[in-house]
Amino acid sequence: MLFSTLHAFKITKEVYIGIHTFTLIEESYNEYGQKGVTMALYTKGTNVGMLRKLNFSIRNESGPCSDKNVEEGHYVINKDSITLYSHWKRSRSSDNTPIGDRIQVYKLNKHASFYLSDSKIYIEKSRRNKDTDEGMKYLYTEVKTKYEKVLLDSYVSNIEETFKAKFVLGDEARVLAKEVKKALMQKEKQRWK
């Protein structure tokens with residue numbers, strides 16, 4: 001489901017993580033060819049613009065209709081952490097946009113700062129057989145030579161460095177996709193309550 005209209009809004013609420021209180025702001029944007037919604041956490045009771053602790057894309061759309069890139073996200077606040085779920089999808093004819101999933105777990109330290117404690121990702125940067133990165137094709141075809149293994153390892157390493165996450169394959173990638181899908185379905189259920 002791609003939405004074509006995004007009405008400007010800003011939602012502010014107080015949330016508790018561990019023993020700390022934060023101001024959570026969800027805000028829409030529509031600029032520079034992108035539109036979507038972001039979530040940001042700020043230390044409560046201070047100058048909001050100066051003490052942003054964490055930000056996350058709940059939704060981001062970029063590109064023209066026929067070549068649209070969409071990132072969907074959801075967050076779950078736990079006792080002493082926040083879990084961020086991301087899913088990238090592409091429109092019908094888009095070749096050079098990513099598809100995949102990521103889960104990030106940020107824990108809170110005693111100074112009310114978040115640190116990344118766990119992060120997993122599976123992402124294909126472009127449509128299969130249209131990829132410009134030679135190593136990507138070995139995500140879904142068998143590696144047969146040392147050179148092909150080097151190409152795959154290079155692709156995985158690049159993604160891990162870019163997204164600060166452990167790249168998962170096979171069953172782990174399928175479990176990751178199921179967890180993200182479940183979280184996004186939960187988000188939709190919450191919207192209709």
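Tell me, what is a quarter of the convex hull surface for the C-alpha atoms of region 10-191, in nm² with one decimal?
Working: hull surface 48.1 nm².
Orientation-averaged projected area of the Cα hull: 12.0 nm².
Its convex hull of Cα atoms gives region 128-190 a direction-averaged projected area, equal to a quarter of the hull surface, of 5.5 nm². Please list, short to long, the whole-number percent of alpha-carbon pairs of region 68-162 in consecutive 5 angstrom bins beginning at zero. With a bin width of 5 Å, the distribution comes to 3, 12, 18, 18, 16, 13, 10, 7, 3, 1.
Rounded to the nearest 0.05, what FRET efficiency is calculated for Ile77 and Glu161 with R0 set to 22 Å and r the Cβ-Cβ distance? Computed FRET efficiency for Ile77 and Glu161: 0.20. Extension gain for Ala40 to Glu142 (0.36 nm times residue separation, less C-alpha to C-alpha distance): 32.6 nm.
Cross-link pairs exceeding 27 Å between alpha carbons, from the set Lys125/Lys181; Lys68/Lys107; Lys89/Lys144; Lys79/Lys182; Lys125/Lys189; Lys166/Lys189: Lys68/Lys107; Lys89/Lys144; Lys125/Lys189; Lys166/Lys189.
Pop a pseudo-label 7 angstrom from the Cα along the beta-carbon direction at both Asp133 and Ser57 and give the gap in nm to one decimal. Computed distance between label sites Asp133 and Ser57 equals 1.5 nm.
If R0 is taken as 35 Å, the Cβ-Cβ distance between Lys178 and Ala8 corresponds to a FRET efficiency of 0.55. Within 14 Å, Cβ to Cβ, of Glu142, how many net charges do the neighbouring residues add up to if Lys/Arg are +1 and Asp/Glu are -1? That sum, taken over residues with Cβ under 14 Å, equals +3.
Quick note: the coordinates plus some simple rules give every number you see, no bench work behind them. On a predicted model such as this, the values are computed, not experimentally measured, just so you know. Note: ideal-geometry Cβ built from the backbone for every residue, glycine included; neighbour counts use all protein chains shown.
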